[in-house]
């Protein structure tokens, strides 16, 4: 189902891309319309939320599929008081190809959205949520009278450059907000003039004493270290003030998974598929649209992928075989083997490379995500089990985070199954994903568990299964599968272990009729295969069932 709350925006996007909305069952909602389509045979599509490239807080439209919910006709919208009603009562049409492309992870070009202004209240939320001064926000909203407009433009440009924005987003502000009126009035609305001013702002931000010391770029000035410490101490706030502060959450790069300025770790035993998984996330992060299953990129950015282990040939083969789409100009690969072949320095997170990487990132403000694959290869000479050896790398990662950069660490699991080495690595992580191989399959598959997820909700932290499959073009696609809820999985597991329904009832604390219903649901969900009938009935777990019950023990349950 296509859910469009802003019909004007949806119509404009369809017209700009020559997309056709088929004649199909249509429901009028509180703010827009629901367009229903027939389900493609054999498809396993999840939900998608298509965001505006300038502001991920504004949804252009949603696609509801497996796992999604809709409000039915006859309901009354709680905020607008309008009734959901059928406005086009016709048979379901097949979904258009452009809609299927989003669900297949091959998002069509949405660059036309840069030409459309955000509607209220998203227009105001976009600017009010920026980490810039109120003065800068006022200049964006109100512009400046003649005589002070050039200075106002540079003030705003300095602030936006300090946010590490890409040029497109800065252009967007000047195209659609009053601050850009001088640019538009003087017929200077071309990339050459404004692009030069943006570069001047970036140079200003990189100067010592400006944004690099942690102050807002539009308010910074050179100060001694002592004065900066004094100013920082004077910034302590009372609990009452802190409670009332409007603190905007860091926006997502990949919705529901990875936020800007966060550090995460992906770890697994050798051969499970962690590089495939990391590459898919990194390549998908460079452009707007679906990445894996329900996870979509809403805040695309440039990526620096530092590979310390794989041969260049193997890495090239993997990149070429990945089905996920990428903006190739925004994905930067640093291959250790290519550097070694060219007799250059090999990447390592040592005292020479750490500051050099940080300086390079500051000179390439489009980069928002750094992937380090993997820690063992990139930290030669560092004792994995010694916290003191990790401290300097840890402080560097914190510095990257303070500069608005997200980092994904790719690491190996130890013999016990946890990440190898000192637990101090996990202290400042926002996200930790454990990948566990699923055996007895014709394809590579693994379970993904959230061992740590500071900024995600309960629903977002549910484990899932990834299976590597070939698409119709022979490319490797990462198929996302949801897991049944824990109780259903436990009941399915115990039934497969040979326990009776009465024994399961006593273990789980669910009524016997509840056990029976859940066993039927587990069979319908593909967790169990049932053989025989009556007292001779037996249960065995399917591949999906084994994925849902991995690590379970009958005695522990």
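What residue, among those in the stretch 166-205 that are within 31 Å of the chain's Cα centre (by Cα) and assigned to a loop (DSSP other than H, G, I, E, B), is modelled with the highest pLDDT? Out of the qualifying residues, it is 177. The set of residues from the stretch 18-33 being at pLDDT 90 or above and either under 26 Å from the mean Cα position of the chain (by Cα) or more than 13 Å from residue 87 (Cα to Cα) (or both) comprises 18, 19, 20, 21, 22.
Looking across 291, 272, one residue alone is in contact (Cβ under 8 Å) with a residue 60 or more places away in the chain and farther than 26 Å from residue 56 by Cβ. It is 272. Summed over the stretch 389-427, the residues that are under 23 Å from residue 260 (Cβ atoms) and either surrounded by 14 or more Cβ atoms within 10 Å (Cβ to Cβ) or not assigned by TED's automatic domain parsing to the domain that holds residue 281 (or both) give a count of 17. So which residues in the stretch 455-475 are surrounded by 17 or more Cβ atoms within 10 Å (Cβ to Cβ) and under 18 Å from residue 249 (Cβ atoms)? Residue satisfying the conditions is 456 alone. There is no residue in the stretch 434-454 that is surrounded by 15 or more Cβ atoms within 10 Å (Cβ to Cβ), free of Cβ contacts under 8 Å to residues at least 40 places away in the same chain and part of a helix (DSSP H, G or I). Confirm whether residue 21 is touching a strand residue (DSSP E or B) at 6+ places or on another chain (Cβ under 7 Å) and assigned to a loop (DSSP other than H, G, I, E, B). Yes, satisfied. Hey, does the stretch 84-94 have a residue that's surrounded by fewer than 16 Cβ atoms within 10 Å (Cβ to Cβ), part of a helix (DSSP H, G or I) and modelled with pLDDT of 85 or more? No, that holds for no residue. A single entry from 107, 93 fulfils the requirement of being touching a helix residue (DSSP H, G or I) at 6+ places or on another chain (Cβ under 7 Å) and more than 30 Å from residue 141 (Cα to Cα): 107.
When residues in the stretch 329-354 are screened for being in contact (Cβ under 8 Å) with a residue 40 or more places away in the chain and either buried (at least 19 other Cβ atoms within 10 Å of the Cβ) or closer than 20 Å to residue 406 by Cβ (or both), 6 of them pass. Of all the listed residues (160, 130), the sole one being within 27 Å of residue 362 (Cβ to Cβ), within 31 Å of the chain's Cα centre (by Cα) and assigned to a helix (DSSP H, G or I) is 160. If you go through the stretch 519-546 and keep only what is closer than 20 Å to residue 464 by Cβ and either exposed (fewer than 13 other Cβ atoms within 10 Å of the Cβ) or free of Cβ contacts under 8 Å to residues at least 60 places away in the same chain (or both), you end up with 521, 522, 524, 525, 526, 527, 528, 541, 542, 545.
Taking the condition of being assigned to a helix (DSSP H, G or I) and free of Cβ contacts under 8 Å to residues at least 24 places away in the same chain, how many residues in the stretch 133-157 meet it?
Pass one, the stretch 133-157, residues assigned to a helix (DSSP H, G or I): 134-142, 149-157.
Checking the rest, the ones that are also free of Cβ contacts under 8 Å to residues at least 24 places away in the same chain come to 134, 137-138, 151.
Result for the stretch 133-157: 4.
Those residues that are closer than 17 Å to residue 548 by Cα and not in a helix (DSSP H, G or I), I need them from the stretch 504-529; list them, please. Scanning the stretch 504-529 gives 525, 526, 527, 528, 529. Considering every residue within the stretch 308-325, establish whether at least one is within 24 Å of residue 430 (Cα to Cα) and buried (at least 17 other Cβ atoms within 10 Å of the Cβ). Yes, the conditions are met somewhere in the stretch 308-325.
Do we have residue 68 as out of contact with any helix residue (DSSP H, G or I) (no Cβ under 7 Å at 6 or more places or on another chain) and surrounded by fewer than 18 Cβ atoms within 10 Å (Cβ to Cβ) here? Yes. For the stretch 52-65, indicate whether the set of residues that are over 26 Å from residue 250 (Cα atoms) and either under 25 Å from the mean Cα position of the chain (by Cα) or part of a strand (DSSP E or B) (or both) is non-empty. Yes, some residue in the stretch 52-65 is over 26 Å from residue 250 (Cα atoms) and either under 25 Å from the mean Cα position of the chain (by Cα) or part of a strand (DSSP E or B) (or both).
The values are calculated or read from the model by the stated rules, or taken from the named source; none is laboratory data. What you are looking at is a predicted structure, and each value in this text was computed from that prediction instead of being measured. Using ideal geometry, Cβ is built from the backbone for each residue, glycine included, and neighbour counts are taken over all protein chains shown.
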